[in-house]
Amino acid sequence: MVSDILRTSSNLALFESTQEPHQKPVAVKGAGFLSRGSFFHPAHHPATTHPLAPKINLERVLSELKTLATHSDLTPPAVQRVVYTSSDLSARTYLQRIISEANLAIHEDVVGNLFAVWRGSSSSQSRAVATGSHIDAIPHSGMYDGVLGVLGGLEAIRSLKEAGFTPSRDVHLIMFTSEEPTRFGIGCLGSRVLSAELPHEYMYKLVDSNGTTLDEARKAAGFTKELSEAILPDDTYSAFVELHIEQADSLERSSTHIGAVTSIAAPAQAAVRFSGSGGHAGALPMAERHDPGLAGAELALEVEKAALDGQSNYSVATTGRFEVFPGAVNSVPRTATLELDVRNVELEERNEMLTRIRDSATKIAERRGVRLEFNVTNADAPADCNKHIVEMVAQAAQESGLSYSRLVSRAYHDSLFMARKFPTGMIFVPCRGGVSHRPDDLERIVIRITFIRSLANFRLPFCHILIKASTHVDARGDRLLKL
């Protein structure tokens, strides 16, 4: 794939432009405070060199994206990397190698969160700035979900290093363990652990489909310390910024380069089970049936209606799993099992939807004469991004000549849990057609070129954010951490 891209444009300078001719940057008002302070030590760059203009090495990043995709249980472009499996461990080994080649210090915690550290000149006196994402991948997904935030963050750091800069404080690149819920049924495992959002007693109860516990799996992968040692102190980071593909098409539809994420939605999830007596499909009269399958179908429609009737555009609700037992064509079902996902950026609205769905399930069960079990399995709270970091993203885009828009993240990410402890922001780049979690996420060459443009365009604002996140804290002190 990389060779196709390079053949299409033999001159990589094509992607060095930071502004499309037909697009104008959005002005940012009241953001003058962003110019105060100094992130990079002045001795390390001459006055004639613009400190925010490092050049990204596109060939290197694209090669690394392609190589990382080969560390998979499937053949690229389809990718599957489940936490602590051989493909996950080999991908980690590859990532550690290229991080070491960048002369960054590396350490891992008890669940496998990986930290690459660029030492600053005053690191002992300052909180670090961090960026990162994940590299695990659900079955039959694509190459870029999460990976862009890890390799893009690495390239931002490398480009600054190669331009001769030294930060005044440490910069951390984090690869979070198991953002996807594929193996243990819970998403953002690594960031939950770091932010103390996952009780230890619950962690010891997590089991995969083969009966292997999280504790057994992590120790078999070489992560043997006590789980309590993974929690980060509250003063670890002055700012965390995650780069991610949008996983929706709003940026593409509006021809916008950069998304400054203002808030992150979070799911409430429920396991629902209707039970009836079942029977022979031919012998059991319709009037005598108490069909849990039909109860489940009715509830699935109510789930949809609850979201459509929601107070905002951000209300979404999904019946992601629906199974009947015994599942035979000539058998009236005895049970119907559903798994539901309800989301909003507003906690109250999200919970109102969930309550409405539970009430609907109760009424359906009573009317159809079936038994109901309704268990909320997860109910994370949404999070707001730090307003000052949102402004930093906006001004960085403006100063780089890029268009931007403020938007919410409908999907949840590791940033959701980092925001519980640290000032956090997210940068979105366009995702063609909103395609994600699919092997064809960047299938055609025109889509791949669009991605390269986004990759080239993010280099200034992303490096800029790493600089200004720290600059702002230097200028305003600990107050940023208390907002």
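Of the residues making up region 33-54, one or more are at pLDDT 50 or above, assigned to a loop (DSSP other than H, G, I, E, B) and not polar (S, T, N, Q). Considering region 163-178, and only residues there that are modelled with pLDDT under 95 and in contact with an Asp or Glu (Cβ under 9 Å, 6 or more places away or on another chain), the residue that is surrounded by the fewest Cβ atoms within 10 Å (Cβ to Cβ) turns out to be 168. Every condition in (1) surrounded by fewer than 22 Cβ atoms within 10 Å (Cβ to Cβ); (2) within 27 Å of residue 92 (Cβ to Cβ) is met by residue 218 except one, and the failing one is (1).
Over 30 Å from residue 414 (Cβ atoms), in contact (Cβ under 8 Å) with a residue 12 or more places away in the chain and buried (at least 23 other Cβ atoms within 10 Å of the Cβ): which single residue out of 260, 295 fits that description? So the residue among 260, 295 that is over 30 Å from residue 414 (Cβ atoms), in contact (Cβ under 8 Å) with a residue 12 or more places away in the chain and buried (at least 23 other Cβ atoms within 10 Å of the Cβ) is 295.
Counting the residues of region 121-137 that are touching a strand residue (DSSP E or B) at 6+ places or on another chain (Cβ under 7 Å) and not in a loop (DSSP other than H, G, I, E, B) gives 8. In the condition set (1) crowded, with 19+ Cβ neighbours inside 10 Å; (2) farther than 29 Å from residue 224 by Cβ; (3) not polar (S, T, N, Q), residue 137 is compliant with all but (2).
The set of residues in region 280-315 being of a type outside the set (Phe, Trp, Tyr) and in contact with an Asp or Glu (Cβ under 8 Å, 6 or more places away or on another chain) consists of 310, 311, 312, 315. Of the numbered criteria (1) among the hydroxyl-bearing types (Ser, Thr, Tyr); (2) under 24 Å from residue 384 (Cβ atoms); (3) buried (at least 17 other Cβ atoms within 10 Å of the Cβ), the one residue 275 fails is (2).
Please verify whether region 404-423 includes one or more residues that are in contact with a strand residue (DSSP E or B) (Cβ under 7 Å, 6 or more places away or on another chain), surrounded by fewer than 20 Cβ atoms within 10 Å (Cβ to Cβ), among the small types (Gly, Ala, Ser) and more than 30 Å from residue 198 (Cα to Cα). Looking for residues that are in contact with a strand residue (DSSP E or B) (Cβ under 7 Å, 6 or more places away or on another chain), surrounded by fewer than 20 Cβ atoms within 10 Å (Cβ to Cβ), among the small types (Gly, Ala, Ser) and more than 30 Å from residue 198 (Cα to Cα), one finds at least one in region 404-423, hence yes.
Each residue in region 388-440 was checked for being polar (S, T, N, Q) and part of a loop (DSSP other than H, G, I, E, B), and 3 pass.
When region 388-403 is filtered for residues that are of a type in the set (D, E, K, R) and buried (at least 24 other Cβ atoms within 10 Å of the Cβ), nothing remains.
Among the residues of region 66-120, those identified as assigned to a loop (DSSP other than H, G, I, E, B), among the small types (Gly, Ala, Ser) and closer than 30 Å to residue 226 by Cβ are 112, 120. If you check 368, 410, 453 for being more than 28 Å from residue 127 (Cα to Cα), modelled with pLDDT of 95 or more and in contact with a Phe, Trp or Tyr (Cβ under 9 Å, 6 or more places away or on another chain), only one passes: 368. Within region 237-263, the set of residues being touching a Lys or Arg at 6+ places or on another chain (Cβ under 7 Å) and not charged (D, E, K, R) comprises 237, 238, 248, 260, 262. Scanning region 229-245 for residues that are at pLDDT 90 or above and either of a type in the set (Phe, Trp, Tyr) or not in a strand (DSSP E or B) (or both) gives 231, 232, 233, 234, 235, 236, 237, 240.
The values are calculated or read from the model by the stated rules, or taken from the named source; none is laboratory data. Since the structure is predicted, the reported quantities are computational estimates derived from the model, not experimental observations. A quick note on method: Cβ atoms are made from the backbone with ideal geometry, for glycine too, and the neighbour counts reach across all protein chains shown.
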